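Notes follow once the structure below has been shown.
Bear in mind that the values in this text are calculations on the coordinates, not laboratory data. If you're wondering where the values come from, they're calculated on a predicted model, not measured in any experiment. Because the Cβ atoms are built from the backbone with ideal geometry, glycine has one as well, and the counts that use them run over all protein chains shown.
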Amino acid sequence: MKNREIEVEFSIKSGAPEKQRTACIVVGVFEGRKLSGPAREVDRASDGYLAGILRGGDMEGKAGASLLLHGVPNIPAERVLLIGLGKEREFHEKAYRDAIASAVKTLRDTGAMDAVITLSELAVKKRDVIWSIEQAVVASHGTLYRFDAMKSKREDARRPLKRVVFTVARRGELKSGETGLVHGQAIARGIDLAKDLGNTPSNVCTPDYLAAEAKRLAKAYRFGCEVLDQAACEKLGMGSFLSVGKGSDKPPRFIVLKHNGGNKGDKPVVLVGKAITFDAGGISLKPPAEMDEMNYDMSGGGAVLGAFRAIGELGLPLNVIGLVPSCENLPDAHANKPGDIVTSMSGQTIEILNTDAEGRLILCDALTYAERFEPDAVVDLATLTGACVIALGAHPSALYANHDPLAREIEHAADHAWDRVWRMPLWDDYQEQLKSSLADMANIGGRPAGSITAACFLSRFAKKYHWAHLDIAGTAYKGGREKGSTGRPVALLVHFLLNRVAKAS
Ligand code: BES
Ligand code: MN
Ligand code: ZN
């Protein structure tokens, strides 16, 4: 029951839009009926045909608008698709990505099997050609993505979109465009994998399923891969991690992926992803509303596997370790009970006041396990707290770090990938909320600042290295009617690593 891969082939080209022999040429129109550069060339070649259409009032250029034209005179393309771009002064990152998405959506629903999209040559302030092409590929993939592995009948398009060409303005930009294409494709494939894993329901996507996926990746890209079972984790003393899965009959798995692309002896980056394949809350059972979304509680782990797919595609010259602790949080006679005290791999004891604060219980042992790699940096990703969703909503992931340069590195990568983060405080003042009279700490810190106290809890296990934590509870998936994984923050992670490669060379 695998989801199908997106089969569109992307390429780049420079050349006169009015001469493209294609099923559809896509050109942009700014608000106020202002033709973009490529649109103007099509207009000129067709003796003002586009200007005539605009005068007729069929396209004002508002963002989200589109108009498909057939038989435009003197133009070899079978169709011309006009895409509204909104105000030219406000044509920033989001407007650019939305315009690409709108073009691809329309192309998918028309009979065009190939297309030339010229929106990619429009200037976006502060962004270069590499960025524009990469974002175009990622946004197109995102639009074409569908998860129908669980449908009994797949809806196949009659004439599916097969080839998309993005244009660059000058021949001299082809090389940069090529880089953007390679990065964009790798990131898009990584995102697709993270989405597939997230969208696969928890009766299929179990800890074992994730482990099998990691092994498949390892085989395809020659990563090292180890899957630690219950006994191996017991030997390591992972008492906190193992306590969470006790209420489930799906055995826990601790997945280790190793990419040795760098020099021997180069300290690795360690990526850690929370992978609770279903979070019912345990004995501190969640209320029924939205509990169906808790299969997405493995999204941190899914993003680590997605990032590894991109790492493999790009053959990054870096050493990277992926750690994915995975289990299920269910209520049962064997499950953790409120008040239970467990001993983590670090030796620190934890009073479990709420069994639903389980993410930190599995991550803390993974953070201790990470020490053995003497990492240059550790970044963990987790759908950790509902409080994070209340604080920041669905747009940025919450960023915490115990090292300012690492935080800035991540902020920079996030901005470039357009997979944004917002830094939150990790002040000692908040640590007090985790006090326990019976154990070294409690696993919850009360209602105030829930995302922060969760990060504070993790920080106690990340003292030996530079560490950052991303609370992705609001960004990893969409709930409700649009239910589905977003594949975030795979793009951020890949850029974080790409920037490190650039710095090293
Ligand atoms: N997986 C949840 C966090 C979550 C909630 C993610 C909603 C996405 C949407 C996590 O394990 C959890 O249950 N956290 C509790 C912590 C609380 C008991 C301190 C929460 O946020 O309610
Ligand atoms: Mn929980
Ligand atoms: Zn959870």
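List of remarks:
- Three-way shape call for the range 428-494 based on the alpha-carbon gyration tensor, with the a/c threshold at 1.5: oblate
- Hull-based mean projected area of the range 350-505, where the convex hull spans the alpha carbons, in square nanometres: 9.6
- Backbone HN-Hα couplings from phi across the range 429-435 [Karplus 6.51/-1.76/1.60, Hz, Gly and Pro as x]: 3, 6, 4, 3, 5, 9, 4
- Loop trypsin sites (Lys or Arg not before Pro), the range 430-505, which have at most 15 other Cβ atoms in a 10 Å radius of their Cβ (DSSP): K435, K463, K464, K483
- Share of pairwise Cα separations in the range 9-168, more than 19 Å, in percent: 51
- Amide H to amide H, with H built 1.01 Å from N, K286 comes under 5 Å of G281, counting only residues 5 or more places away or on other chains.
- With the simple spin-label model, which puts each label point 7 Å out from Cα in the Cβ direction, the D208 to R170 separation comes to 5.9 nm.
- R0 of 35 Å, Cβ-Cβ distance K463-R222: FRET efficiency to nearest 0.05: 0.55
- For the chain, the longest principal axis of the alpha carbon atoms and the long axis of helix 490-504 meet at an angle near 90°.
- The range 299-372 and the range 414-489 have their alpha-carbon centroids 13 Å apart.
- Where a label projected 7 Å from the Cα of I390 along Cα→Cβ would reach, residues of the range 469-484 with amide N under 18 Å: 471-475
- Beta bridges per DSSP, both residues in the chain: antiparallel share near 45 percent.
- Relative packing of 347-355, 388-396, 151-159, which averages over residues the other C-beta atoms within 10 Å, highest first: 347-355, 388-396, 151-159
- Distant-in-sequence amide contacts of G322, defined by a placed amide H-H separation under 5 Å and a gap of 5 or more residues or a different chain, comprise L257, K258, H259, L271.
- Proximal lysines relative to K464, as straight alpha-carbon distance under 17 Å, when same-chain residues fewer than 8 apart are discounted: K267
- Whole-number Å³ per residue for the convex hull built on Cα positions in the range 169-222: 75
- For the chain, the longest principal axis of the C-alpha atoms and the axis of helix 129-144 are separated by about 80°.
- In terms of the mean number of neighbouring beta-carbon atoms within 10 Å, the peptides 187-194, 54-61 order highest first as 187-194, 54-61.
- Rounded tilt (10° steps) of 93-109 against the dominant C-alpha axis of the chain: 70
- Cα Rg over Rh - the chain, Kirkwood: 1.02
- Coil-residue GluC sites (Glu not before Pro) of the range 208-311, DSSP, other Cβ within 10 Å capped at 13: E290
- Residues whose amide H lies under 5 Å from that of S248, counting only those 5 or more places away or on a different chain, are L330; hydrogens are built 1.01 Å from N in the peptide plane.
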